[in-house]
Amino acid sequence: MSTTNSDANSKSNLEKEALEYHKKGRPGKLEITPTTPLISSNDLSLAYSPGVATPCLEIEKNPDNIYDYTSKGNIVAVISNGTAVLGLGNIGAAASKPVMEGKSVLFKKFADVDGIDLEVDTEDTERFVDAVSLLEPSFGGINLEDIKAPDCFIIEQKLREKMNIPVFHDDQHGTAIVTVAGIINALHLTNRKIEDTKFVSNGAGAASIACVELLKAMGAKNNNIILVDRDGVLYKGRQSNMNQWKSGHTVDTKLRTLEDALKNADVFLGLSVPGSVTKEMVKSMSEKPIIFAMANPIPEIMPEDVKSVRSDAIVATGRSDYPNQVNNVLGFPYIFRGALDVRAKEINEDMKVAAAKAIALLARENVPDEVVSAYGGDRPRYGKEYIIPSTFDPRLISVIPAAVADAAMKSGVARKRISDLEAYKDQLANRLDPTMSLMQGINAKVRKNPKRVIFAEGEDENMLKAAIEFGRNRLGIPILIGVEKRIKDQLKKIGLDENFKIEIVNSTDKKKREKYVKHLYKKLQREGQLERDVDRLVRNDRIAWGSSMIACKDADAMVTGNIRHYAASVEKLKKVVEARPGEEIFGMTMIVSKGKTILVADTNVQDFPSSERLVKVSKSCVRVARLFGFEPKVAFLSHSTFGKPISKNTKHVRDAIEMLKNDNVDFDFDGEMQPDVALNPIYQDIYPFSKIVGNANILIMPALHSAAISTKLMKVFGGGKLIGPLLIGLGLPIEVAPLRASTSEILNLASIASYSSDVIDYSN
């Protein structure tokens, strides 16, 4: 997708959307949600007065009891004074709050740690330290963020001395841990020993110094590490622009410039400014050079420039559009998760090293089938372009916290012991939100083979925004169906130039209209449709036009709906698109809640399905589940469980199960059962004969009303996240957005439609 509007206009639109994102509904990105019931007077008496006095007294007797009776053990304070915010500089404490809220969201999403952002309005390090140190009773750990150097060194050191909980400056140590993880693997692939390796670090700020210190902790020699800042090499005796932290890393050398330092160097660490490294510098490095150019968004040297002069190089950046992204989110959520779970007094060097090694070793492991989806359907292999796991690798939550917790226990800073680390890893895995890895994987897949995707209601604001984001995120080529003037009016409304370059199609294209009429008439002529009727249908119906575009290979997939009821869209589709052979058309909704993904069907199409239809729906759900990387376990739901109570309304469910038993299918299934029996493991003791009880991830509903009601209730009140409904069994890759679907919901459906067009054979 190209654009003729100015960068300023594009930025203005992005800024407008960002402001709306943060302002819409409840302002900000966080809320406090109770974890205990408060629905009766008895609950109130336990939660507050008089019952709350009892845990208070227990904590008074033994302060460590605070971890047993409060949320302290799962809360990290994300604290900044706003003196070094992202690329914005010193913008003040208040202006840093959106960033700190964002960091708190990452804590929750990736590791189920409750982050509470605190903005401290002072640049006086002593006042800052005093304010934060007094908060120790409230938090299990302190994550310092976006504080300028050298203040960040001073603050962290003093807080670590004063506080008996982990204090971690992520800009320093988070960057260092992920960087060193990549370095470990790069050294392994190039057959180097860390103690013999020559390092050059461009940049002598907090992150660079932290990287150097962690490398030394792992065996790198002081004389083999040269730091370079804007004044050149940090050599012994230098006087200009020095401080105590830089002085600790000077070396006895005659080298004075970055160019000098890089000659015959093995590793370059860039934590500096864009364009500071040239091709000639790269040429001068040793054989098989390791280059970590981590300036963001533009690295010290672009990977393609490195490759043009050194095909033997291993390259990493801070960017997601190149292999080997160094991203702090691989570190801080999981490090705190492990530290909190053993009630660590601090995050020490042993724990940092353990985290770095755990990240590195994960990249060397074979990627199992169940996590391939996080990589866009590909199976990455350890090598030059895969030395760091994806940020959405669902195995991270199990691997890194366990390594950190183990190191804390072995180094003597843990106040609580974990006796069974394998069981702990299983517990950690249950904290994962699979939605992140699921959609990340789908998006990664569609980016590799971009498709032409139709957004049928092109004049609708949310549909238009989704189409723009689809193109902007390089997910494919968006095509809008609509009246050009109306679309241009909407473009202006959302802050874009009316000449924003995006493909618009409609029935004024006589040549295409004739082609689509010919296609549909051939299909409908024996269903009582005259050619003029079909012509009218194609001219006036966006679904008919869009589905014909796909059938005639002018597009690959489509998302529609949004401005009409779901059923109305489906009925229109069924008139012009057949079902896939052997399948039924139905709606399937993905529910993600409490770390588990459940597929529910039929949520949208058939009122009261027959036994035969339930069988077909279950088989189609299994097919889809496997496409998404899930091992299917199918539960047929009812108001009864294994015949108790017996009801005529469950007969079609019981019959469907008997049919499946005779089909010799290659998946586990059982029923009929109530939803809590299907999902809650506590019932396994009552029904030990069933593999499905407590483990189901596909729920086949007995009727449309039960499916629709349960999923809608879940969406509004359940705290879960819904993807879909997905339209399964249709003969073309088309998804229907629910009425008034949000931009993000439409965008997800467009990605799934594109993904389907690539992985499903619609010719059969």
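The values are calculated or read from the model by the stated rules, or taken from the named source; none is laboratory data. Note that the coordinates shown come from a computational prediction; the quantities given were computed from them, not determined experimentally. Counting neighbours? That spans all protein chains shown, and the Cβs are built from the backbone with ideal geometry, glycine included.
Which of the residues spanning region 628-652 are modelled with pLDDT under 80 and part of a helix (DSSP H, G or I)?
Result: 648, 649, 650.
Scanning region 585-597 for residues that are among the hydrophobic types (A, V, I, L, M, F, W, C) and not in a loop (DSSP other than H, G, I, E, B), which turns out surrounded by the most Cβ atoms within 10 Å (Cβ to Cβ)?
Quick first cut of region 585-597, residues among the hydrophobic types (A, V, I, L, M, F, W, C) only: 585-586, 588, 590-592.
Cutting the leftovers down to not in a loop (DSSP other than H, G, I, E, B) gives us 586, 588, 590-592.
On the way: 586: 28, 588: 25, 590: 25, 591: 22, 592: 18.
Among those that are among the hydrophobic types (A, V, I, L, M, F, W, C) and not in a loop (DSSP other than H, G, I, E, B), it is 586.
Return a yes/no flag: does region 281-303 have any residue that is in the same structural domain as residue 178 (by TED's automatic domain parsing), under 28 Å from residue 88 (Cα atoms), among the β-branched types (Val, Ile, Thr) and in contact (Cβ under 8 Å) with a residue 60 or more places away in the chain.
No, every residue in region 281-303 fails to be in the same structural domain as residue 178 (by TED's automatic domain parsing), under 28 Å from residue 88 (Cα atoms), among the β-branched types (Val, Ile, Thr) and in contact (Cβ under 8 Å) with a residue 60 or more places away in the chain.
Could you say which residue among 755, 683 is of a type in the set (Phe, Trp, Tyr), more than 25 Å from residue 612 (Cα to Cα) and either at pLDDT below 85 or touching a Gly at 6+ places or on another chain (Cβ under 6 Å) (or both)?
Selected residue: 683, the only one of 755, 683 that is of a type in the set (Phe, Trp, Tyr), more than 25 Å from residue 612 (Cα to Cα) and either at pLDDT below 85 or touching a Gly at 6+ places or on another chain (Cβ under 6 Å) (or both).
Looking at this structure, is residue 453 touching a residue at least 24 places away in the same chain (Cβ under 8 Å), among the β-branched types (Val, Ile, Thr) and farther than 27 Å from residue 110 by Cα?
So residue 453 fits the description; yes.
Could you pull out the residue among 145, 156 that is among the acidic types (Asp, Glu), without any contact (Cβ under 8 Å) to a residue 24 or more places away in the chain, crowded, with 16+ Cβ neighbours inside 10 Å and touching a strand residue (DSSP E or B) at 6+ places or on another chain (Cβ under 7 Å)?
156
Against the condition among the hydroxyl-bearing types (Ser, Thr, Tyr), out of contact with any helix residue (DSSP H, G or I) (no Cβ under 6 Å at 6 or more places or on another chain) and buried (at least 22 other Cβ atoms within 10 Å of the Cβ), how does residue 278 come out, does it pass?
It is false that residue 278 is among the hydroxyl-bearing types (Ser, Thr, Tyr), out of contact with any helix residue (DSSP H, G or I) (no Cβ under 6 Å at 6 or more places or on another chain) and buried (at least 22 other Cβ atoms within 10 Å of the Cβ).
Does residue 195 satisfy being surrounded by fewer than 24 Cβ atoms within 10 Å (Cβ to Cβ) and free of Cβ contacts under 8 Å to residues at least 24 places away in the same chain? Let's see the steps before the verdict.
Values: surrounded by fewer than 24 Cβ atoms within 10 Å (Cβ to Cβ): yes; free of Cβ contacts under 8 Å to residues at least 24 places away in the same chain: no.
So residue 195 does not fit the description; no.
From the list 506, 540, which residue is touching a residue at least 12 places away in the same chain (Cβ under 8 Å), surrounded by fewer than 19 Cβ atoms within 10 Å (Cβ to Cβ) and touching a Gly at 6+ places or on another chain (Cβ under 8 Å)?
Selected residue: 506, the only one of 506, 540 that is touching a residue at least 12 places away in the same chain (Cβ under 8 Å), surrounded by fewer than 19 Cβ atoms within 10 Å (Cβ to Cβ) and touching a Gly at 6+ places or on another chain (Cβ under 8 Å).
Taking region 460-482, which residues are under 12 Å from residue 560 (Cα atoms) and out of contact with any Asp or Glu (no Cβ under 6 Å at 6 or more places or on another chain)?
460, 462, 464, 466, 467, 480, 481
Are any residues in region 557-584 part of a strand (DSSP E or B) and within 22 Å of residue 742 (Cα to Cα), and if so, which ones?
Across region 557-584, the qualifying residues are 557, 558, 559, 560, 561.
Filtering region 682-697 down to residues that are hydrophobic (A, V, I, L, M, F, W, C) and within 35 Å of the chain's Cα centre (by Cα), which residue is farthest from residue 600 (Cα to Cα)?
Residue satisfying both the conditions and the ranking: 682.
Would you point out which residue out of 182, 203, 174 is under 15 Å from residue 326 (Cβ atoms) and in contact with a Ser or Thr (Cβ under 6 Å, 6 or more places away or on another chain)?
Numbers: 182 fails: in contact with a Ser or Thr (Cβ under 6 Å, 6 or more places away or on another chain); 174 fails: in contact with a Ser or Thr (Cβ under 6 Å, 6 or more places away or on another chain).
None of the others qualify; the one that does is 203.
Quickly run through region 258-275 and pick out the residues that are surrounded by 12 or more Cβ atoms within 10 Å (Cβ to Cβ) and either among the acidic types (Asp, Glu) or assigned to a loop (DSSP other than H, G, I, E, B) (or both).
259, 260, 263, 265, 266, 271, 272, 273, 274, 275
Would you say residue 192 is of a type in the set (D, E, K, R), farther than 22 Å from residue 352 by Cα and in a loop (DSSP other than H, G, I, E, B)? Walk me through how you get there before you give the answer.
Working: of a type in the set (D, E, K, R): yes; farther than 22 Å from residue 352 by Cα: no; in a loop (DSSP other than H, G, I, E, B): yes.
Answer is no for this residue.
Looking at (1) outside the structural domain of residue 349 (by TED's automatic domain parsing); (2) assigned to a loop (DSSP other than H, G, I, E, B); (3) in contact (Cβ under 8 Å) with a residue 60 or more places away in the chain, find the lone condition where residue 465 falls short.
All conditions pass for residue 465, except number (2).
Determine whether region 294-308 contains at least one residue that is assigned to a loop (DSSP other than H, G, I, E, B) and in contact with a helix residue (DSSP H, G or I) (Cβ under 8 Å, 6 or more places away or on another chain).
Yes, region 294-308 contains at least one residue that is assigned to a loop (DSSP other than H, G, I, E, B) and in contact with a helix residue (DSSP H, G or I) (Cβ under 8 Å, 6 or more places away or on another chain).
I'd like to know if region 522-542 contains one or more residues that are part of a helix (DSSP H, G or I), at pLDDT 85 or above and closer than 24 Å to residue 738 by Cβ.
The answer is yes; a qualifying residue exists.
Determine whether region 336-345 contains at least one residue that is outside any helix (DSSP H, G or I), of a type in the set (Gly, Ala, Ser), surrounded by fewer than 21 Cβ atoms within 10 Å (Cβ to Cβ) and modelled with pLDDT of 95 or more.
No, region 336-345 contains no residue that is outside any helix (DSSP H, G or I), of a type in the set (Gly, Ala, Ser), surrounded by fewer than 21 Cβ atoms within 10 Å (Cβ to Cβ) and modelled with pLDDT of 95 or more.
Among the listed residues 37, 63, which satisfies the condition of being within 26 Å of residue 347 (Cα to Cα) and free of Cβ contacts under 8 Å to residues at least 12 places away in the same chain? Steps first, answer last, please.
Numbers: 37 fails: within 26 Å of residue 347 (Cα to Cα).
One residue alone meets the criteria, 63.
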